[in-house]
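Report on the structure given below.
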Amino acid sequence: MKKIFAVLMLSTMLFAVGCGNQAQDATKDAQQKVEQKADEVKKDAEAKVDEAKDKAADIKDDAAKKADEMKADADAKVDEMKQDAADVKDAAKDMVNETAEKLEEVTATGRTIALSGVMPGTSLDDLKAMFGEPTLTEGDVLTFVDGLKVKLDNATKKVKEISTTSADFDTNNGMYVGATEYSLNDYCGPADSVRKITNGAEYEYNSGDNKSKVVYKAENGFITAITCSLK
């Protein structure tokens, strides 16, 4: 009886040991599978991150290329506009020179009032033929290249007044903004009237037919503005 009991106990112990080993093996297998799955998930995540980085880099490169293309187009348009402006300015100067030559021919009966070839009474069409389209329009006042300002008579659409504070224009007597105040007498003779202003004076000269006038504004010894107008 004791032998049978001993055998049973031994069998029970062996069975328990076998089950324990199986449980440990099962646990190890499960752990290995979990670790394997975790590695797979990690690698998949890293691959997606790398893919996203590559796409972001491609998008950035495309954006940079488009920006460069847009800048190149803008620079080209600016250069083209500058060239167009230069062409208009050159054409205007040529027209002014031609008109100035004509003025010299017709100035025989007295002083002619004109600024850069434009006389009070000049038509709007002739004005545009000389200087092109105005760069700024404010009511009846038009501004052309280099700051030449023209005031129109609304009824006749002819030049009522033309003025400048720029050295780019001169009268048919050769006076221009920036010239000395004392050169007026040498180029234009004595003024018909003189008005004192702050820091200087305004010298007025009438046309030969007494229908128009030119006023030279002088400050601190220099001509700062010239205005030709109908009286």
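Annotations for the structure displayed:
- Couplings 3J(HN,Hα) of the range 181-186, computed from phi: 4, 6, 7, 4, 5, 5 Hz, in residue order, whole Hz [Karplus 6.51 cos²θ - 1.76 cosθ + 1.60, θ = phi - 60°; x for Gly and Pro].
- Sparse-neighbourhood loop sites, trypsin sites (Lys or Arg not before Pro) in the range 141-213 - DSSP loop, at most 16 other Cβ within 10 angstrom: Lys157, Lys211
- Cα gyration tensor shape of the range 110-230, rounded if a/c is under 1.5, else prolate or oblate by comparing a/b with b/c: prolate
- Straight-line cross-link reach from Lys66 at under 29 Å between alpha-carbon atoms covers these lysines, not counting any fewer than eight positions away in the same chain: Lys48, Lys53, Lys55, Lys77, Lys82.
- Mean Cβ count within 10 Å, highest first, over the residues of peptides 186-193, 123-130, 111-118: 111-118, 123-130, 186-193
- Those aspartates and glutamates that a straight Cα-Cα span of less than 14 Å connects to Lys33, excepting residues fewer than 8 apart in one chain: Asp25
- Net charge over other residues, Cβ less than 11 angstrom from the Cβ of Val141 (K, R count +1; D, E count -1): 0
- Taking θ as phi - 60° and the Karplus parameters 6.51, -1.76 and 1.60, the scalar couplings of the range 223-231 work out to 6, 10, 7, 10, 9, 10, 7, 6, 8 Hz in sequence order, x denoting glycine and proline.
- With 5 Å bins beginning at zero, the pair-distance distribution over Cα atoms of the range 155-216 amounts to 4, 14, 26, 27, 18, 7, 3, 1 %.
- Between the range 119-170 and the range 54-68, the alpha-carbon center distance in angstrom: 50 Å
- Chymotrypsin sites (Phe, Trp or Tyr not before Pro) lying in DSSP loop within the range 126-182, provided at most 16 other Cβ fall within 10 Å: Tyr182
- Neighbourhood net charge (14 Å Cβ-Cβ; Lys/Arg +1, Asp/Glu -1) for Lys66: -3
Throughout, read-outs are computed from the coordinates displayed, never taken from laboratory work. None of these values were measured; they are calculated from a predicted model. Here the Cβ is made from the backbone with ideal geometry for all residues, glycine too, and neighbour counts use every protein chain on show.
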